[in-house]
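Below you'll find the structure, written out as structure tokens, and then a few comments.
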Amino acid sequence: MRAGEAMEAGLRECCRAVRIGKILIQRDEETALAKLFYAKLPDDIKERYCLLLDPMLATGGSAIKAIEVLLSHGVPESRIIFLNLVASPEGLEAMFQAYPGVKIITAWVDEGLNEQKYIVPGLGDFGDR
């Protein structure tokens, strides 16, 4: 996912042989809905465990859309691990409801979302960094 590239260097440091795929999803600022722009994944992805990297989990829409992409490429839900830095309770609940078999690892759960569906206090729009 777009902002997940910020976490990619750390992944490569500890897992040098990892194969990287790219999924570009952005949230429409007016509707807060996720839109898929691009996906390029390894040919053998359905045989692998997938680490889905996204620093911010706000509504869960982008992460859920990315999981849909992985599932459509044959990846079992049980082989998807979502790695995250800051999450909202609302985003976590949406993920648990949509895909209970996906493992979620987050460093921090913030207070919640504001009216614009941004995490508060949050870190701003991480994808713009």
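Say the dipole of the stretch 1-98 comes from +1 at the beta carbon of Lys and Arg and -1 at that of Asp and Glu; which of GLY21, PHE82, LEU57 then lies farthest toward its positive end?
Result: GLY21.
Net charge around GLU90, counting only other residues with Cβ within less than 12 Å of its Cβ (Lys, Arg = +1; Asp, Glu = -1)?
-2
Where in the chain are the DSSP H helices whose alpha-carbon span along the long axis reaches 24 Å or more and whose Kyte-Doolittle mean is at least 1.0?
Span-like helices here: none at all.
Give the calculated FRET efficiency between GLU47 and TRP108 to the nearest 0.05, with a Förster radius of 25 Å applied to their Cβ-Cβ distance.
Plugging the Cβ-Cβ distance into 1/(1 + (r/R0)^6) gives 0.15.
Can you work out the Karplus-derived ³J(HN,Hα) for every residue in the stretch 74-82? Use 6.51 cos²θ - 1.76 cosθ + 1.60 with θ = phi - 60°, whole Hz, and x for glycine or proline.
x, 6, x, 3, 5, 9, 9, 10, 8
In nm, to one decimal, how far is the ALA32 label point from the LEU123 one, both placed 7 Å along Cα→Cβ?
Taking the two extended label points, one gets 2.1 nm.
So how do 68-75, 84-91, 8-15 stack up, highest first, on mean other-Cβ count within 10 Å?
84-91, 68-75, 8-15
Could you tell me the relative contact order of the stretch 25-82? Use alpha-carbon pairs under 8 Å, at least six residues apart, and round to a whole percent.
Normalised by residue count, the contact order of the stretch 25-82 is 41 percent.
Taking the structure as given and computing log10 I(q)/I(0) by the Debye sum over Cα atoms at q = 0.12, 0.17, 0.22 Å⁻¹, which label from (i) -0.42, -0.86, -1.47; (ii) -0.66, -1.04, -1.27; (iii) -0.44, -0.85, -1.26 fits?
Comparing each candidate, only (i) matches the computed number.
Sorted by packing (mean other beta-carbon atoms within 10 Å per residue), highest first, where do 76-82, 21-27 land?
Going by the mean number of other Cβ atoms within 10 Å, highest first, we get 21-27, 76-82.
Under 18 Å from a point placed 7 Å out from the Cα of ALA39 along the Cα-to-Cβ direction: which residues of the stretch 79-111 have their backbone N that close?
79-83, 95, 98-103
Give the shape of the stretch 40-115 as rounded, prolate or oblate, defined through the alpha-carbon gyration tensor: a ≥ b ≥ c are the square roots of its eigenvalues, a/c under 1.5 means rounded, and otherwise the shape is prolate if a/b is larger than b/c and oblate if not.
Here the stretch 40-115 falls in the prolate category.
At 7 Å along the Cα-to-beta-carbon direction for both GLU90 and GLU8, put a label point, then send me their distance in nm to one decimal.
Those two pseudo-labels are separated by 3.0 nm.
May I ask you to derive the relative contact order of the chain, considering only C-alpha pairs under 8 Å and at least 6 residues apart, and to give it as an integer percent?
Worked out over the chain, it gives 23 percent.
Read-outs throughout are calculated quantities, based only on the coordinates presented, and are distinct from any laboratory measurement. This one's a predicted model, so the numbers in the text were calculated from it and none came from an experiment. Quick reminder, even Gly has a Cβ in these numbers, built from the backbone with ideal geometry, and neighbours come from all protein chains shown.
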